[in-house]
Amino acid sequence: MLGNYIKLTIRSRRSNILGLIMLLLLSAGILSCKESNNKIENNTQDTPKVVITFLPVYLFTKAVTGDVADVEILVPPGTDIHDYQATPDNVKAIATANVLVKNGLGLEAFLTGTVKNAQNSKLVEIDASKSIKVINDISPVEETNEKDHKYEHTAGNPHVWLDPVFAKQQVINIRDGLITADPGNKTTYQANAAAYIQELDNLNNEFRRTLQKTPNCTFITFHDAFPYMAKRYNLKQMAVVEIPEDQLSPADVQNAINAVKKYKVKALFSEPGIDNKLLTSLSQDLQLTVYPLNSLENGETNPQYYFQAMKDNLKNLATGCK
């Protein structure tokens, strides 16, 4: 009897010990799950929200942030930013954002009222064009009446992103602004920016090597978007109109004819995707080929799209200037 009692007591103690161990393991598991959930929640809360005005600046910002920030674009690619009207969703996006990145130089006229309506006192604004020396708004061109232009960039021509050297400065400005707003991800921003800047340096070298073969080439565009690119690589842009249009006016056509004769223009360049029958007819009359020249205001949101589009631009410029 005593032996049986001892055995039962030992079994009971073992059972209690095993139960205690199981309870401890279960408690540890619950705590671990809670800690894991807390980390996920904290990471979500700590992920900075960055809103970007339009495509070129989005490409540069996304290249710098990688996956450490929630990046949102305000103006859909392909939408004309010159006369863009803000939406309630734009106001909401800015109201809940940590950082706003803009091209600057007066291009995003819609921002002034939109930022004010968002009432986000903690918003950090990054001007991607800070410290970039701008050139005059209108390129040299045969114009009948400069006052007829509807859109005027009083701060200078804003299309600085089409010069790889100025694009590099924009990436630097974006990187530094993000580090100030979100120092916790400084290492990531620096590494991502350095890799993208190296690609921009390579692109600049490729442009120089290729276009030095056709110095002083004069080309006509139907969007005053390429004066920085032309100046950088010793070319001459003659802009017939300030922004791309589906239909050219008789004055636009006459301006193009005058420019071709006066400057011995070798090529015409039009925005990709614009089907302009009058431009096609004009090119046939002048015996000049029309090539696409991409301003990158429309296209893919992958940061590598910048290099794809710019290399296509280089190929078309080199061919048109021969």
Over 22 Å between alpha carbons, listed pairs LYS62/LYS130; LYS266/LYS311; LYS49/LYS92; LYS133/LYS213; LYS277/LYS315: LYS133/LYS213; LYS277/LYS315
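Highest mean first, how do 175-181, 83-89 rank when packing is the count of other Cβ atoms within 10 Å averaged over residues?
Numbers: 175-181: 20.3, 83-89: 13.3.
Highest mean packing first, the order is 175-181, 83-89.
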Pair GLN190, ILE257: separation of 7 Å Cα→Cβ label points (nm): 6.1 nm
Phi-based couplings in Hz for the range 76-82 (Karplus 6.51, -1.76, 1.60; Gly and Pro marked x): x, x, x, 7, 5, 6, 4
Gyration tensor (Cα) of the range 187-322, equivalent ellipsoid semi-axes in angstrom: 30, 17, 11
Taking the convex hull of Cα positions in the range 151-201, its mean projected area over all directions (nm²): 4.3 nm²
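Bear in mind that the values in this text are calculations on the coordinates, not laboratory data. Quick caveat: nothing in here was measured; it's all calculated off a predicted structure. With ideal geometry, Cβ positions are generated from the backbone for all residues, glycine too; neighbour counts draw on all protein chains shown.
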